[in-house]
Amino acid sequence: MRHRAIAALGAAAMLAGALSPALSQPVIAGAPTSVQPAAVTPAESGRLTGHGGPVMDLAVGDVPGIGPVALSASFDNSVGLWTLGNVAAENAGVGPLVPGTPRWLVGHKAAVKSVTPLGRGRAVSAGDDFALIIWDLTAGTPLHRLEGHKGAVADVAVSPSATLVASAGWDGAIGLWRPDGTRAGWLEGHGGAVNALVFADDDTLLSASADGTLRVWSVAAAAETRVLARHGFAINQIAVDPAAGWAAYGAVDGGTRIVSLGDGAVIADLTAGRRPILALALSPDRAHLAIGDGEGHVMTVSTADWTTEADMKVAERGPIWALAFAGNETLIAGGIDDSATIIPRTGLAAPAIGTAERTFHRDPAMMDNGERQFQRKCSVCHTLTGDGGRKAGPTFAGLFGRRAGTVPGYPYSDMLAGSDIVWTGETLSALFDLGPEHYVPGSNMPMQRIVSDGDRTDLIEFLRTHTE
Ligand code: HEC
């Protein structure tokens, strides 16, 4: 029912990918498509608005004392917690679903790639800072930080009894953790990044990897039981219905298959000529499977006979990274935009995402070099003025002459908060001449150098004139 994280690409690379020309027109091949893609109507309601970066994952759960909630994992380093008070009304067709004001769970030091409820008012998230965080959703605070992966963590899964958390590492390892924050072990054997995980039961874990395989593990034995599928291309996503005996997977080449949990035989091939598949979600009653791709489509399929129920173009210009069902009929979809959209049961009246004019969509040839440097290398994490919404990094408003680590309310690393640097042309130049990891070791700034003196000078001039 919950959705898994994203493809084996760095987040920045994915953003860059969103700029490249679309692949050829979608050809609806294998899937028994009965509905043509319907463009969704833009509107301001029905959105989860407030993140300052793309939405990488979504999940829905119930929190004692709060009720139904949606959780969103974002490139802006935070997890959003949204109340969904009237989810039942929406599912009964007397909606609409109106999300409450979000609360922000702040603690990750880089983009958050995955989030899922952990029961008893908790959730677990993971991301590009190689760490998992277990959250107390009622208090909105972190309970445990789980470290040990040597690469980004692309997905987290929770066992049905909520006694174990599994994490998918781009270091090739699967981490097993107890909800008290202790590590239960590692599962190793994949020959590439692990992209997605799902438990079939408390002892049976399925994993999907960039090595092109779908594997089954016994958690109790801490060992691989079998390879369920060899797809040849990186597999990004999985979903499972243990009672019905199938697993679904979506791959980077667009391959979307349903295989038997018993012997791996292909039960249905939903490949629709669209790629890559970046999101899968199963409704709580397991009647509907939703599939999101790199071209902004969301397709829903009936798991009774694998026919297409709806096919929508939800994002005009970019990938669908996140899908989750709120109830059995309503979908929430997220991607390149800073907001997620609620797709009601009619499937047609959802506000589109991916329509916002994002700075990196502007033609770089129309910008001077300084602006181009900023748009390409900084704008996804920093605003020039304080009113650009939540971002992973602090705003640049008033940057020159400002002491490092002093924007009120921004969760700085101890290193930057405790530093005595004052931002000037010279210190900014040094920051990107040496690279943040050398200039302010231990800060949360991403590793990045700008080696050309001209590019650094142009960028600093642009910042000086646009941040006053
Ligand atoms: C992937 C996100 C990301 C990108 C891209 C990025 N930054 Fe940052 N930046 C951060 C984060 C996170 C921090 C806060 C670091 C900390 O608290 O240790 C930060 C902090 C800073 C600071 C310190 C601000 C202060 O208030 O002390 C400066 C200056 C800065 N970045 C400049 C840049 C410039 C210039 C670029 C583009 C060349 C850039 N950053 C690109 C995430 C990013």
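When THR385 is tested against (1) farther than 17 Å from ILE460 by Cα; (2) out of contact with any Phe, Trp or Tyr (no Cβ under 7 Å at 6 or more places or on another chain), only condition (1) is not met. One residue alone among VAL153, VAL98 is among the aliphatic types (A, V, I, L, M), out of contact with any strand residue (DSSP E or B) (no Cβ under 7 Å at 6 or more places or on another chain) and under 29 Å from LYS391 (Cβ atoms), and that residue is VAL98.
Yes/no per residue for (1) within 21 Å of the chain's Cα centre (by Cα); (2) acidic (Asp, Glu); (3) modelled with pLDDT of 95 or more; (4) within 21 Å of GLY65 (Cβ to Cβ):
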residue: ARG120; (1), (2), (3), (4): no, no, no, yes
residue: ALA123; (1), (2), (3), (4): yes, no, yes, yes
residue: LEU146; (1), (2), (3), (4): yes, no, yes, no
residue: ALA208; (1), (2), (3), (4): yes, no, yes, no
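Scanning region 377-395 for residues being near the ligand (Cβ under 6 Å from one of its atoms) and not β-branched (Val, Ile, Thr) gives a total of 7. Within region 266-301, the residues that satisfy the criterion of being of a type in the set (Gly, Ala, Ser) and either outside the structural domain of ASP337 (by TED's automatic domain parsing) or within 25 Å of PRO160 (Cβ to Cβ) (or both) are ALA268, ALA279, ALA281, SER283, ALA287, ALA290, GLY292. Restricting attention to region 397-434, which residues are surrounded by fewer than 14 Cβ atoms within 10 Å (Cβ to Cβ) and either on the phi > 0 side of the Ramachandran plot or touching an Asp or Glu at 6+ places or on another chain (Cβ under 8 Å) (or both)? The answer is GLY401, ARG403, GLY409.
From the residues in region 313-336 that are assigned to a strand (DSSP E or B) and under 21 Å from ILE258 (Cβ atoms), which one is modelled with the lowest pLDDT? Don't jump to the end; show me each part of the working.
Initially, region 313-336 is screened for residues assigned to a strand (DSSP E or B), giving 313, 315, 320-326, 330-335.
Now restrict to residues that are under 21 Å from ILE258 (Cβ atoms): 320, 323-325, 331.
On the way: ILE320: 94, LEU323: 97, ALA324: 96, PHE325: 93, LEU331: 90.
Among them, the one singled out is LEU331.
Checked against the criterion of being polar (S, T, N, Q), assigned to a helix (DSSP H, G or I) and either more than 19 Å from SER78 (Cα to Cα) or out of contact with any strand residue (DSSP E or B) (no Cβ under 6 Å at 6 or more places or on another chain) (or both), region 426-441 contains one or more residues that satisfy it. Consider region 108-126 and keep the residues that are free of Cβ contacts under 8 Å to residues at least 60 places away in the same chain and within 13 Å of the ligand (Cβ to nearest atom). The one that is farthest from GLY393 (Cα to Cα) is VAL112.
Summed over region 424-446, residues that are in contact (Cβ under 8 Å) with a residue 12 or more places away in the chain, more than 10 Å from the ligand (Cβ to nearest atom) and within 28 Å of the chain's Cα centre (by Cα) total 2. For region 346-376, a tally of residues being more than 12 Å from the ligand (Cβ to nearest atom) and at pLDDT below 80 returns 20. All told, ALA247 meets the bar of being crowded, with 22+ Cβ neighbours inside 10 Å, assigned to a strand (DSSP E or B) and assigned by TED's automatic domain parsing to the domain that holds ASP203. Among the residues making up region 396-413, those that are in a loop (DSSP other than H, G, I, E, B) and either assigned by TED's automatic domain parsing to the domain that holds GLY80 or within 8 Å of the ligand (Cβ to nearest atom) (or both) are PHE396, LEU399, ARG402, ALA404, GLY405, THR406, VAL407, TYR410, PRO411, TYR412, SER413.
Restricting attention to region 447-466, which residues are within 10 Å of the ligand (Cβ to nearest atom) and part of a helix (DSSP H, G or I)? If the condition is that a residue be within 10 Å of the ligand (Cβ to nearest atom) and part of a helix (DSSP H, G or I), then ASP455, ARG456, LEU459, ILE460, PHE462, LEU463 are the ones that fit.
On the given criteria, is GLY232 in the same structural domain as SER72 (by TED's automatic domain parsing), of a type outside the set (S, T, N, Q), free of Cβ contacts under 8 Å to residues at least 60 places away in the same chain and buried (at least 21 other Cβ atoms within 10 Å of the Cβ)?
Working: in the same structural domain as SER72 (by TED's automatic domain parsing): yes; of a type outside the set (S, T, N, Q): yes; free of Cβ contacts under 8 Å to residues at least 60 places away in the same chain: yes; buried (at least 21 other Cβ atoms within 10 Å of the Cβ): no.
Taking the combined requirement at face value, the residue does not satisfy it.
When THR307 is tested against (1) of a type in the set (Val, Ile, Thr); (2) closer than 22 Å to MET56 by Cβ; (3) more than 22 Å from the chain's Cα centre (by Cα), just one condition goes unmet, and that condition is (2). Scanning region 414-423 for residues that are over 21 Å from GLY107 (Cβ atoms) and more than 9 Å from the ligand (Cβ to nearest atom) yields ASP420, VAL422.
The values are calculated or read from the model by the stated rules, or taken from the named source; none is laboratory data. These numbers come from a predicted model, not from an experiment. No Cβ is skipped: glycine too gets one built from the backbone with ideal geometry, and neighbour counts run over all protein chains shown.
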